[in-house]
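Visitor: Submitted below is the structure of interest, expressed as structure tokens.
The values are calculated or read from the model by the stated rules, or taken from the named source; none is laboratory data. This structure is a prediction, so every number in the text was calculated from the model and none was measured. For neighbour counting, all protein chains shown are included, and Cβ atoms are generated from backbone atoms with ideal geometry for every residue, glycine included.
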Amino acid sequence: MPALLDTAIRKLQADEDHWAFTQTTKTFDRDGKAKEGMTVERYNPSLPVAEQWSLLQWQGHEPTAGELRTWKKRKDREQKRRGEKTLGEIMDLARARLMAQSDGEAVFEVPLLPGASQRLPEDKFVVQVTVDPVRETLQGFNLKTLAPIRALGVAKIERIEIEARFRLIDERYAPQPEHILAYGAGKLLFFRVGGGAEITWSDFKRVKPYNERFEVRIGEMKAFGF
């Protein structure tokens, strides 16, 4: 792996699960129009796993008891999927190559590991990672399709793109993800389908991970946990 990229990723890994934050999610249809109100959640890794996420707002309003149950079931499903490999685990960093560099940024193109993920086939996706060469920290990344993908036998996904940027919260620590924009488009039978989502993080607070209270780290560190 290029030394600069290796250093930047290690800094992000070392700082994982040390920040509480507020997460705001907006969704859009394929024409870019908002589908519903914003959903606002709070994440705090210093709490027990079952209590780390809390719902503050559901699609633009205070959640009802039924909506809170729906959200809780969704979060439980997400927790069960945590065994799936993250983007950081399936990137083939040994084959990363420098695409461009200036005083302010270095851009690396990183392929995916062959056979590492059914969710993201290596021949269909590529990642570009941007690094600050002075601070040796991540600035952002972009995941995009190289070719159309068949899904469920009848859907053709023509394009998927995920763009993330990082922000420095504290000079002593690695920058954290601040904004992600995801978009997808394709065909389902004879119909055009698509949509997108924008996720932002704010109100960061430095905390001690719950697992570290017992001086034990449970599981592997997962950079690019998307």
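Visitor: Any chance the range 78-85 includes a residue that's surrounded by 13 or more Cβ atoms within 10 Å (Cβ to Cβ), more than 16 Å from Asn142 (Cβ to Cβ) and among the charged types (D, E, K, R)?
Guide: Within the range 78-85, one or more residues are surrounded by 13 or more Cβ atoms within 10 Å (Cβ to Cβ), more than 16 Å from Asn142 (Cβ to Cβ) and among the charged types (D, E, K, R).
Visitor: Condition first: under 21 Å from the mean Cα position of the chain (by Cα) and over 30 Å from Asn211 (Cα atoms). Can you find one or more residues in the range 42-50 that meet it?
Guide: no
Visitor: Quick one: in the range 121-159, of everything that is aliphatic (A, V, I, L, M), modelled with pLDDT of 85 or more and part of a strand (DSSP E or B), which residue is surrounded by the fewest Cβ atoms within 10 Å (Cβ to Cβ)?
Guide: Step by step, filter the range 121-159, then rank; the result is Val126.
Visitor: Being basic (Lys, Arg), under 25 Å from Asn142 (Cβ atoms) and under 19 Å from the mean Cα position of the chain (by Cα): is that true of Lys35 here?
Guide: no
Visitor: On the basis of being part of a helix (DSSP H, G or I) and within 19 Å of Leu181 (Cα to Cα), does Gly88 make the cut?
Guide: So Gly88 fits the description; yes.
Visitor: Moving to a separate point now. Sort through Lys11, Lys80, Lys75 and tell me the only one that's in contact with a Phe, Trp or Tyr (Cβ under 7 Å, 6 or more places away or on another chain), at pLDDT below 95 and either outside any strand (DSSP E or B) or polar (S, T, N, Q) (or both).
Guide: Criteria check complete, one pass: Lys75.
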